[in-house]
Amino acid sequence: MSTAAFALFTAPGSLFSGLPAEVIDGVLASARSREYAAGEPLIVEGEHPKLMFLVLDGFADVFIDGRGAQQQLINRVGPGSILGEMSLLSGEPASATVRATAPLHALTLTRDQVRALADRQPRIYQNIGANLALKIARADRRSVGHASGTLTWLDSRDAPPHLARALAASIAWHARQPTLLLRLHKDAAQNERPSGPGAHEIVVPADGRFGPHQLAHTLDDLRRRYEHILVESTSALNAPRVVLLGPATPNPANTPAQRTLLTLRGFTGSVPARSGPDARGVLHVPALRTTDAEAVSAGLLTSATPAGAQIGWAARHITRRKVGLALGGGGLKGYAHLGVLRALERAGLHVDYLAGTSIGGVVASLYALNHAPDTIADVLDAAAETLVRPALSTRSLLSADRLRGFLRRQGECVTFDDLPLPLALVACDIYSGREVVFRSGLIWPAVLATVAVPGLFPAQPIGPYRLVDGGVLNPVPADVARDMGADVVVAVRLRDERPLGQAEARATIPTGQSPSMLEVMTRSVDLLQGRLSPRAEAAADVLIEPRCEGAPSLGLRSFSRGRRYIKAGEAAAMAALPSLSRAIPWLVTSH
């Protein structure tokens, strides 16, 4: 037997693992060699095979009888697999049919040979048990339609070779799971580039096990070892397609038969102003820096550089780990959002989508404009000083003129499309009672609408709507972040620690001073915003809840006193890091 074939059955966890070499040689020398044509059965359900099969080359499908004449595929096996061992040891009929799907070469052992081996080497039972457990696990996953990890076809069109490697290294870093880049080239000599905990690259000719007839079975076998597999091939695969282009390669046509998940163009000269793909679905990757090239060689590429950030978006998209951050309303408690952002930045969170309502909308829009959390605190302080101007009007208690002027000065012509991050702001139409989500147009009118506290500021007329504070309907827009495309949604609800719920009291004559109109209005909206809607709660994967203890219904002149809640936000985010790291594997949790 060849060295390669010998290795199939002596690797850790395989049939002869841990057995002395002379014992293995003796067993294999006594085994009988058999050849099976494609479509020929090795084992038939209900019959006694009386043999154990050791597959050297080729592939087979495992079926069980279903309803009527239907058969259900429960497993696929290839080189290194053992078959028939359960029936051989139990004496029961075979529980499944095994049929070769390509020319198959196997060695066979009789029941007497297996039992004689087990008498001398009891460990054989442990190895057989481990193989059975693996088969059952794979059959269970297939029965519920689940395939672990991802399989992606890389359709390379004159792309630089490091682009595929960088993508695999970014997936390995984000997913923290075994990742394989399998490059199939017609005339390639087999070559492997192991990278320790990072991405593993294998270059092989597109024939034999990696040829068109056997590739599906080979990939099934590789998915035992790798959670994410990228296959670079000139032939189409039955998997989501990612197109890799060179700097000047024309965009390919996207036909229904070849659904394109994403298109990457590398390496371009400029850094994109916005993360993710452009309007045509093309993600432009700037040139790799020296540090990027070193990281790619090591098999783990972070998102710390411009090229790493763009490729990181692709990695999160492929592995379904794009992150949305939803910031809720809560008046001056909104300063707690800044503490949350501080902690998430330290942990290395890469936000792909931002959604906000009320004060959360203000913070989200400033953060999307690349303002640091401390800078946003200064902007909130300055905004509060301009707000209080009584209005001689039946429309509201306060005028919105100063706030409108302040927001326009922050960026009069800035649109949603100008932002480095996709942003959504939520408001409420007071006539229809509908939620209105802004994702295009000018930023400042949408911010003005999302903070228009009913009665305190006038409703904002935009198009056919008359809009007020979005927190009235959707206090924490986690569902909006999900609708934007986020796979993992982190929601921040600002909790007021004052007791809510029912209370009983005995009616007496009112005494003492009534609260001001301003305090009644702000507190009423506060109460509305303190609850998470069922729809938003269902959309949130991780909920961060800063405890804003002793939050008073302060007047707007005292708004900056909300800075006290920055630390509460930071503490809440730190407490949520274990939950966050389960959903977002690349986070740094040791702070």
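The values are calculated or read from the model by the stated rules, or taken from the named source; none is laboratory data. Fair warning: this is a prediction, and the values are worked out from it, not measured in the lab. Using ideal geometry, Cβ is built from the backbone for each residue, glycine included, and neighbour counts are taken over all protein chains shown. Note: accessible area is taken over every heavy atom of the protein model, side chains too, but ligands, DNA and RNA are not part of it. Shrake-Rupley method; radii C 1.70, N 1.55, O 1.52, S 1.80 Å.
Quick notes
- Here ARG76 qualifies as in contact with a His (Cβ under 6 Å, 6 or more places away or on another chain), in a strand (DSSP E or B), surrounded by fewer than 22 Cβ atoms within 10 Å (Cβ to Cβ) and of a type outside the set (Phe, Trp, Tyr).
- Residue match in region 161-170 (condition: open to solvent by less than 10 Å² (accessible area, probe 1.4 Å), polar (S, T, N, Q) and modelled with pLDDT of 95 or more): yes
- Subset of region 479-514 (residues that are open to solvent by 80 Å² or more (accessible area, probe 1.4 Å) and modelled with pLDDT of 80 or more): ASP483
- Yes/no for ALA130 being at pLDDT 80 or above and more than 23 Å from GLY211 (Cβ to Cβ): no
- Tabulated pairs, region 21-39, first more than 21 Å from ALA102 (Cβ to Cβ) and at pLDDT below 90, second among the aliphatic types (A, V, I, L, M) and open to solvent by 60 Å² or more (accessible area, probe 1.4 Å), C-beta under 8 angstrom, 6+ apart or interchain: LEU28/MET1
- Options SER358, SER303: the member that is in contact (Cβ under 8 Å) with a residue 60 or more places away in the chain, of a type in the set (Ser, Thr, Tyr), in contact with a helix residue (DSSP H, G or I) (Cβ under 6 Å, 6 or more places away or on another chain) and within 30 Å of SER560 (Cα to Cα): SER358
- The one condition from (1) in contact (Cβ under 8 Å) with a residue 12 or more places away in the chain; (2) outside any loop (DSSP other than H, G, I, E, B) that PRO420 does not meet is (2).
- Residues being of a type in the set (Phe, Trp, Tyr) and surrounded by 20 or more Cβ atoms within 10 Å (Cβ to Cβ) - total across region 58-73: 1
- Pairs where the first residue, in region 239-258, is closer than 30 Å to ARG223 by Cα and part of a strand (DSSP E or B) and the second is modelled with pLDDT of 90 or more and among the aromatic types (Phe, Trp, Tyr), C-beta under 8 Å, 6+ apart: ARG241/TRP153; VAL242/TRP153
- Candidates in region 241-260 are the residues that are within 21 Å of the chain's Cα centre (by Cα) and at pLDDT below 90; of these, the one that is surrounded by the most Cβ atoms within 10 Å (Cβ to Cβ) is THR260.
- The residues on offer are ASP378, ASP352, and the sole one that is among the acidic types (Asp, Glu) and open to solvent by 20 Å² or more (accessible area, probe 1.4 Å) is ASP378.
Yes/no matrix, rows are residues, columns are (1) in a helix (DSSP H, G or I); (2) open to solvent by 50 Å² or more (accessible area, probe 1.4 Å):
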site: LEU19; (1), (2): no, no
site: ILE24; (1), (2): yes, no
site: SER33; (1), (2): no, yes
site: PRO49; (1), (2): no, no
site: LEU89; (1), (2): yes, yes
site: ALA94; (1), (2): no, no
site: ARG99; (1), (2): no, yes
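- Residue under evaluation VAL55, criteria (1) surrounded by fewer than 22 Cβ atoms within 10 Å (Cβ to Cβ); (2) modelled with pLDDT of 85 or more; (3) in contact with a Leu (Cβ under 7 Å, 6 or more places away or on another chain), criterion not met: (1)
- Scanning region 222-236 for residues that are open to solvent by less than 30 Å² (accessible area, probe 1.4 Å) and closer than 23 Å to GLY58 by Cα returns LEU222, TYR226, ILE229, LEU230, VAL231, GLU232, SER233.
- Listed by first and then second residue, the pairs with beta-carbon distance under 6 Å, at least 6 apart or on different chains, first residue in region 181-207 and closer than 19 Å to ALA298 by Cβ and at pLDDT 70 or above, second among the hydroxyl-bearing types (Ser, Thr, Tyr) and open to solvent by 20 Å² or more (accessible area, probe 1.4 Å), form an empty list.
- Just one of the numbered conditions (1) surrounded by fewer than 19 Cβ atoms within 10 Å (Cβ to Cβ); (2) in contact (Cβ under 8 Å) with a residue 60 or more places away in the chain is not true of VAL476: (1).
- Here LEU425 passes the criteria (1) modelled with pLDDT of 95 or more; (2) open to solvent by 40 Å² or more (accessible area, probe 1.4 Å); (3) under 18 Å from ALA383 (Cβ atoms) except the one numbered (2).
- Residue count for region 450-468, restricted to those that are open to solvent by less than 10 Å² (accessible area, probe 1.4 Å) and within 28 Å of LYS322 (Cα to Cα): 1.
- Selection status of GLY329, surrounded by 17 or more Cβ atoms within 10 Å (Cβ to Cβ), part of a loop (DSSP other than H, G, I, E, B) and in contact with a Pro (Cβ under 6 Å, 6 or more places away or on another chain): yes
- Only one of the numbered conditions (1) modelled with pLDDT under 90; (2) of a type outside the set (D, E, K, R); (3) open to solvent by 20 Å² or more (accessible area, probe 1.4 Å); (4) at negative phi is not met by VAL437, and that is (1).
- So GLY405, is it modelled with pLDDT under 90, open to solvent by 10 Å² or more (accessible area, probe 1.4 Å) and in contact with a helix residue (DSSP H, G or I) (Cβ under 6 Å, 6 or more places away or on another chain): no
- A single member of GLU232, GLU294, GLU227 is under 18 Å from the mean Cα position of the chain (by Cα) and acidic (Asp, Glu), and it is GLU227.
- Looking only at region 278-318, residues that are open to solvent by 50 Å² or more (accessible area, probe 1.4 Å), part of a loop (DSSP other than H, G, I, E, B) and more than 16 Å from PRO420 (Cα to Cα) come to 5 in all.
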